[in-house]
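Let me begin by presenting the structure, written as structure tokens, before commenting on it.
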Amino acid sequence: MARSSRPSGIYWARFCKVLNGVMGMNEIMFRDEMILKVNALNKSYDKFALKDVGLQIPKGYIMGFVGRNGAGKSTTIKCMMDLISFDSGSIEIFGLDSRGHSDEIKRRVGYVGEEQYFYENMSVNWSMNFFGGFFPGWDRKTCDKLLKRFELDPSKKVGELSKGMKMKLALTLALGHRPELLILDEPTSGLDPVIRNELLELFLEIVQDENCSIFFSSHITSDIEKIADFVTIIDNGKIVISDEKDAILESWKLFKVENSCQNQEILKMLVGVKKGEFGFSGITDRSDGFINEFGKSFPKGNYKMEKITLDELLVRIVKESEAI
Amino acid sequence: MMKQVFRIAIKDFQVQLKSILSYLVIGFVMIIVFSLINLMQKQMVYALVAFSILYGFVNKALYEDERNNTLRLLAAMPAKRDVIVYARYLSTGVFMFALCLTMMLITGFTDLIVLSTVEPTLVIIIASIFMVFMILLSVYLPLAFKLGYIKAAGINRFVLLGMFALVGGVTAVFAALKNKESDIPQKLRALDATFTSMNPAILFIILTLCVMIAYLGSMRISIKVFRKRALF
């Protein structure tokens, strides 16, 4: 399911990133390419807080927002959509401040929340007409095509639809006005693998054909791994990692080491360490440093370096934050 | 913005189309039966029927949004929260006006059939009944926008009881004061005299204006509380 052609935007984004870093340039050049930018976002509840959340998506890409349940994914998304207020920080979508231009942003964004709410006694067709009327660029033909593709009967009552079908209806509504950015909160959670796969394929098509970016949250890392260009991992209200997926998977490695080769220096370099009867394992994004240190400490010792999956990365990072 | 207000207001009717038809049928039957057998005072019949239909409509509209959690979906649409409030007041106002007119027409026809004449005071009585309901709704709707339907409906029962007790109490006090002519404070007596001497039509217009102001004031309060309500 890998994307065959990638827009040149990603290279532009990388180029600007390098320029910003090396030459100390301001971010205007870079920002123009960013469809969504979250800066130092803070939001406090009694028992939970978002702490300095920051991320950005270049135009035309998919960003997966990963984290376990209760990590702060939905809260961040609700702040983006101006559904809840936030304490400090800023959110820019299409270069517009999310608080001052809420209506304009909502007109250009397709949003699907974690739960699908509709008037259960009304038909699919009525729902399309009612909610579609809020968007000036509503395209009934696109909706009809999607309904057909999803095998949704327009005359059926929404209350008679399954969870998966309701998600498809929500997506149809979100796509009906040809949004420039899709913000999806756990769109694949609770769906069977067939429907999940169908949706993931649709997301890829949208990005390739419709000049649309996608920001979608999930705790199903395999979905993110399949389609995302960028990945942001959030845990306990803090962004742990936010970068290109390939760069993350390239830089983070899993090390498996025998127990006899264990010392504090080695352990300090690893994240999410798991100890077993014969050995221990942990991950690091400084594999060269680890290999050097290991060579110095245990010249005759053995270790195994493996590629890491997003799932493993999330589990290890969460384990590390729990230990702290 | 007006388009969105109308869209949501019309939705209030669409989502309970079947219920509205049943309200109207029940109301129609009640009026016909009570008018023909003349068991109760007409005013009481109208009040009873109008009260049940109107509250049925408002509660059902609130209930549909609460049950389906659709206020969240509406809040995620490119429309300000104020629009949702305007729409609810518009749909309630329109329904109330239509119901008032329907009742006037029905009573007019039944009077024509039974008494062969139409009592003009009945129009004012029915309109007054609706004005009382408008004041009751002016209290109920801000509660619903602040607390949601379930909590608001619970509190509103006590508000209704309190209002009936207040009206009953004030009436009893006035009746008692009337018996002791000399004990009536000068200001109250002057007020009573002003109302008695006033043209009923002007009095009716003043009352209508007061009720409209209360309804619009209630809408302003609803907007304020709904903007602050945590829906998510």
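The values are calculated or read from the model by the stated rules, or taken from the named source; none is laboratory data. Note that the structure is a prediction, hence the values are computed from the model and not measured. Note that each Cβ is placed from the backbone with ideal geometry, even for glycine, and that neighbours are counted across all protein chains shown. Side chains included, ligands, DNA and RNA excluded: accessible areas come from the protein's heavy atoms. Shrake-Rupley method; radii C 1.70, N 1.55, O 1.52, S 1.80 Å.
Things to note:
- Count of residues meeting criterion [part of a helix (DSSP H, G or I), open to solvent by 60 Å² or more (accessible area, probe 1.4 Å) and either within 11 Å of chain B (Cβ to nearest Cβ) or in contact with a Gly (Cβ under 8 Å, 6 or more places away or on another chain) (or both)] in the range A:125-174: 3
- Looking across the range A:96-114, the residues that are more than 7 Å from every other protein chain (Cβ to nearest Cβ), open to solvent by 10 Å² or more (accessible area, probe 1.4 Å) and either hydroxyl-bearing (Ser, Thr, Tyr) or closer than 25 Å to residue B:66 by Cα (or both) come down to A:102, A:114.
- Screening the range A:47-71 for residues that are touching an Asp or Glu at 6+ places or on another chain (Cβ under 8 Å) and closer than 14 Å to residue A:233 by Cβ and picking the one that is surrounded by the fewest Cβ atoms within 10 Å (Cβ to Cβ) gives A:68.
- Selection count, the range B:125-152, where residues are over 18 Å from residue B:227 (Cα atoms) and open to solvent by less than 80 Å² (accessible area, probe 1.4 Å): 12
- Only one of the numbered conditions (1) in contact with a strand residue (DSSP E or B) (Cβ under 7 Å, 6 or more places away or on another chain); (2) within 18 Å of residue A:217 (Cα to Cα) is violated by residue A:87, and that is (2).
- Among residues of the range A:221-235 that are in a helix (DSSP H, G or I), those with a Cβ under 6 angstrom from a residue that is open to solvent by 10 Å² or more (accessible area, probe 1.4 Å), sequence gap 6+ or separate chain, pair up as A:221/A:311; A:221/A:314; A:226/A:1; A:227/A:204.
- From the options A:185, A:192, residue that is within 23 Å of residue A:311 (Cβ to Cβ), touching a helix residue (DSSP H, G or I) at 6+ places or on another chain (Cβ under 6 Å) and either open to solvent by 30 Å² or more (accessible area, probe 1.4 Å) or within 14 Å of chain B (Cβ to nearest Cβ) (or both): A:185
- Restricting the first member to the range B:219-231 and to residues that are within 14 Å of chain A (Cβ to nearest Cβ) and surrounded by 15 or more Cβ atoms within 10 Å (Cβ to Cβ), and the second to residues that are of a type in the set (Asp, Glu) and assigned to a loop (DSSP other than H, G, I, E, B), no beta-carbon pair is closer than 6 Å while six or more apart or on different chains.
- The number of residues in the range B:43-91 being within 13 Å of chain A (Cβ to nearest Cβ) and of a type in the set (Val, Ile, Thr) comes to 3.
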